[in-house]
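See structure below.
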Amino acid sequence: MKIKSIGVFCGSSVGAKPIYSQKAKELGELMASQNIDLIYGGGNVGLMGVIADATLSKKGNAIGVMPTALLEKEVGHESLTKMHITENMSDRKNLITDLSDAFIAMPGGFGTLDEVMEVLTHFQLGFSEKPVGFLNVDGFYDSVITLFDQILDEKFMKAEHRNNVIFESEPDVLLKALHEFKPHNVDSKWIKDLKNKNTY
């Protein structure tokens with residue numbers, strides 16, 4: 001599929017390891033080189049600031065989406081291609097979803113997990129077919145892979161849904177996987193299964 005924009009979810013901290021910032025920089029530069037717009041939370045701190053600066057340094061477009069309450073705390077990036085201001089966090093997530101053709105979760109905390117799980121849920125429910133990938137830097141998301149596999153084993157998820165989630169450790173490989181993504185289709189009758197004992 002043709003991807004023109006990617007919503008990137010990542011930490012407002014740079015984390016404990018320099019490799020997190022290194023890979024955020026690589027991803028931002030690669031996206032700019034491929035004419036892919038960065039859609040993100042609009043911050044100038046942590047990995048958010050790193051990937052925005054990297055994208056802009058290579059003449060790419062970095063588009064922020066930030067609620068008023070955070071902008072007033074002066075964490076908004078002042079050099080973005082465009083900044084969208086929303087009333088609240090829910091509106092922020094909705095707009096990032098609307099503006100993005102695909103999604104990447106980099107290392108981050110509660111906010112990153114909240115954002116990526118929401119777009120995965122939209123995919124599972126059939127509201128979206130936009131690919132979702134995790135940039136598994138230095139094994140950061142290994143425990144999430146284990147958790148997803150356990151959810152599958154315990155029959156709270158169908159194999160097709162599990163296989164629609166992409167995990168890669170290198171930015172270039174992940175971008176290639178997003179471009180080449182073809183969803184594993186799930187029979188729509190699974191929704192009806194929510195009413196019986198075979199629910200997922």
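Only the coordinates and a few stated rules stand behind these numbers; no lab work does. Since this is a predicted model, take the numbers as computed values, not measurements. Counting neighbours? That spans all protein chains shown, and the Cβs are built from the backbone with ideal geometry, glycine included.
Apply the Kirkwood formula to segment 39-85: the hydrodynamic radius equals the inverse of the mean of 1/r over all pairs of different alpha-carbon atoms; give it in Å with one decimal.
Over segment 39-85, the inverse of the mean reciprocal pair distance is 10.2 Å.
If each DSSP helix of 4+ residues adds -39,500 (n - 2.57) and the sum is divided by the residues in the chain, what number results at 222 nm, nearest 500 deg cm²/dmol?
Values: 8 runs with 84 residues, N = 200.
Computed ellipticity for the chain at 222 nm equals -12500 deg cm²/dmol.
With a point put 7 Å past each Cα toward its Cβ, work out how far Phe127 is from Ile19 in nm, to one decimal.
Going by the 7 Å Cα→Cβ label model, 3.5 nm.
Applying the Karplus parametrisation 6.51 cos²θ - 1.76 cosθ + 1.60 with θ = phi - 60° to the phi angles of segment 43-60, what ³J(HN,Hα) value in whole Hz is obtained for each residue in order, glycine and proline being reported as x?
Along segment 43-60, the couplings run x, 10, 10, x, 5, 4, x, 4, 6, 5, 4, 5, 4, 5, 5, 9, 6, x Hz.
Considering amide H positions built from the backbone, and no H for Pro or chain starts, which residues 5 or more places from His84, or on another chain, come under 5 Å of its amide H?
So His84 has HN proximity to Gly64, Val65, Met66.
What is the fewest-to-most order of Phe156, Phe9, Phe167, Phe140 by other Cβ atoms lying within 10 Å of their Cβ?
Details: Phe156 11, Phe9 28, Phe167 16, Phe140 20.
Ascending number of Cβ neighbours within 10 Å: Phe156, Phe167, Phe140, Phe9.
Return Thr81, Thr112 ranked ascending by Cβ neighbour count within 10 Å, so the fewest neighbours appear first.
Details: Thr81 14, Thr112 21.
Final ranking by Cβ density, sparse to dense: Thr81, Thr112.
Which net charge results for the neighbourhood of Val132, defined as the other residues with beta-carbon distances under 11 angstrom from its beta-carbon, given Lys and Arg at +1 and Asp and Glu at -1? Don't skip to the answer; put the middle values down first.
Working: positive: Lys130; negative: Glu115, Glu118, Glu129.
Result for the local shell: -2.
Please return the longest range in the chain lying between exposed loop sites, taking GluC sites (Glu not before Pro), DSSP loop only, at most 14 other beta-carbon atoms within 10 Å, and leaving the sites out. Before the final figure, lay out the partial values.
Working: sites that count: Glu72, Glu74, Glu78, Glu87, Glu129, Glu154, Glu180.
It works out to 1-71.
Would you work out the relative contact order for segment 5-195, in percent, from Cα pairs under 8 angstrom that are 6 or more residues apart?
Values: 339 pairs, mean separation 39.0, N = 191.
In percent, rounded to a whole number, it is 20.
Considering only DSSP beta bridges whose two residues both sit in the chain, what percent are antiparallel, to the nearest 5?
Values: 1 of 23 bridges.
About 5 percent, rounded to the nearest 5.
Hey, what D do you get for the chain in µm²/s if you plug the Kirkwood alpha-carbon radius into Stokes-Einstein at 20 °C and 1.002 mPa s?
Working: Rh = 17.2 Å.
Reported coefficient: 125 µm²/s.
Once amide H atoms are placed 1.01 Å from N in the peptide plane, what residues at a sequence separation of 5 or more from Phe9, or on another chain, have their amide H within under 5 Å of its amide H?
Ile104, Ala105, Met106
Dividing the alpha-carbon Rg of segment 101-162 by 2.2 N^0.38 Å yields what? Don't jump to the answer; show the numbers that get you there.
Numbers: Rg = 11.7 Å, N = 62, 2.2 N^0.38 = 10.6 Å.
Dividing the Cα Rg of segment 101-162 by 2.2 N^0.38 Å gives 1.11.
Kindly provide the pair-distance distribution of segment 32-146 built from C-alpha pairs, with 10 Å bins from 0 and whole-percent values in order of increasing distance.
Percent of Cα pairs in each bin: 13, 45, 35, 7.
Could you give the dipole magnitude of the chain about its Cα centre, charging the beta-carbon of Lys and Arg +1 and that of Asp and Glu -1, in debye to the nearest 20? Before the final figure, lay out each step's value.
On the way: 21 positive and 27 negative charges, 85 e Å.
Computed charge dipole of the chain: roughly 400 debye.
Taking a quarter of the surface of the Cα convex hull of segment 11-52, what do you get in nm²? Don't skip to the answer; put the middle values down first.
Numbers: hull surface 10.2 nm².
Result: a mean projected hull area of 2.5 nm².
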